[in-house]
Every structure is written in structure tokens, then in C-alpha cells.
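The values are calculated or read from the model by the stated rules, or taken from the named source; none is laboratory data. Fair warning: this is a prediction, and the values are worked out from it, not measured in the lab. Quick reminder, even Gly has a Cβ in these numbers, built from the backbone with ideal geometry, and neighbours come from all protein chains shown.
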Amino acid sequence: MGTFHKDRGELHGMTVVVDTPGPMVYVGRCDTVDDTEVVLHDADEHEDGRGGRSKRDYLERAKKLGIWSRHARLRIAMTDVSSIQLLAQLASEAPRAAAGQRPASGAPSPRAETQRAAAPEAPGAGKEASADLVSLTPAARAEVKRLLAQADHAGKGLRLRVAGGGCSGLVYKLDFDEERPGDLVVAGEGFWIYVDRKSAIYLRDVILDHQSGLEGRGFVFKNPNAANTCGCGESFSL
């Protein structure tokens, strides 16, 4: 049950999925549901096939990692609604059934040049990797592998995280570390990437690049979800 308030339904305060017969699906904290509309707070929206991601893929990701709050308050007409479900109770195949159609296979991702690497054979063989979270460009993967080959980094992986600070409010952190309890684990190419769950909210769809040469800036984070990004590529805000 949601948080009780007079004149509010049982879904009030719960994170719900509002699906439509068309390509759009919405996720947010339910305020009210009546015969005319659904009102969500702190809501996100996704169009089937956007970024090469189907409704099902998007909802599975949202269930595991959470959503970006693109709308402080969102009103959806009931004439556009095909189903309302709790995100936490959504089965992996539920989006397909709720939409009443097979989700689009999706066009190739525009980030294909960053190519998700295959799971490493060692160290950590047999480790269960998390769903896609961050991407590394070929240049970044090569530099990470070079650094991990150093003696003082033996047996470690790449840790990516976000902390408060920087000229834009939040700052990226990159370290070489061992896995910690609760980490999300992403497969690199011969190494593992560790992300704590709090940082994962801010690192969705982030691309890590490495720039070398006289004018290079080393590791650079590219975040398509950032509202403001510092020119240094290390600080951002949402």
C-alpha cells in the first residue's frame, strides 16, 4: 500500500509504470488516479526504440537502477493509458504484455562505436555482471588495461563513482579498487568495472573516454543526461 492521504487512492506515493497503447511509457511516483487522468510526481518517460532500447529494456533498467526525474509533475490522460502497474512488481516480460504488442527490436545504438566489451576471462571468471551501465571507448579501455597491468593495481578493477563538489555541483571519481558489497559490476575487456548503487543513478548512459597527446585531458566523462557540464569534463549537474 502507498502512503495514506485522504481522497487519495491506494497507489498514492508508490512508484508505478503507466503504459500506453502507443510507443510511450511513463514511470513515476503516483499522486492520483481517477476517471480522467493519472498524475505522477518525479516522473520519467521513454519512447519505445529510443536509443535502441525497447520499453521492456527501459523498464527492466528502471526497476534495477531507478529513473531520472524529468518531470516534477506529469499528467497523463486516461484515454492514453493501457495499464498501470507497480514498478517493483513488474516481471521481466510484463512490459510486452502490458503494451499488447511485441517491443521493437530497436535500431543500432548511436554509441555503437564504444562497443560493450565481452566479459573478462580473468580475474573474476564466473562473476555475475550487472546490466549495461557505463560504456568505455576503445581509447579508455586501452588506458585502463595499461594502468591495471602495473604491479600496485594487481587483482583490482576500475571503480567509477560520483561525489559532491566540483564547479558544477557533482564530480566524477575514478579509482582502481577491489569489489565491495553491494557493488554493481560491469564487464570490461579483461577487467571489471565497479559502481556503488548511489553513484549508479548518476552514471547511467555515461561514456568514459581517454584523450592523450599534448592537448589531451586524460580520462573524460561524457554524460548525455547532465544539465550542465564543466569544460574540464569532470564536473556536472543534473
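Residue pairs whose Cβ atoms lie under 8 Å apart, separated by 6 or more positions or on different chains, with the first residue in the range 42-63 and at positive phi and the second charged (D, E, K, R) and outside any strand (DSSP E or B), are Gly51/Asp205. Quick check, is Ala88 touching a Lys or Arg at 6+ places or on another chain (Cβ under 8 Å), under 26 Å from Asp42 (Cα atoms), at pLDDT 55 or above and in a helix (DSSP H, G or I)? Considered against the rule, which asks whether it is touching a Lys or Arg at 6+ places or on another chain (Cβ under 8 Å), under 26 Å from Asp42 (Cα atoms), at pLDDT 55 or above and in a helix (DSSP H, G or I), Ala88 comes out as yes.
Answer with yes or no whether Arg61 is crowded, with 19+ Cβ neighbours inside 10 Å and part of a helix (DSSP H, G or I).
no
Number of residues in the range 17-30 that are surrounded by fewer than 22 Cβ atoms within 10 Å (Cβ to Cβ) and either in contact with a Gly (Cβ under 6 Å, 6 or more places away or on another chain) or not small (Gly, Ala, Ser) (or both) equals 5.
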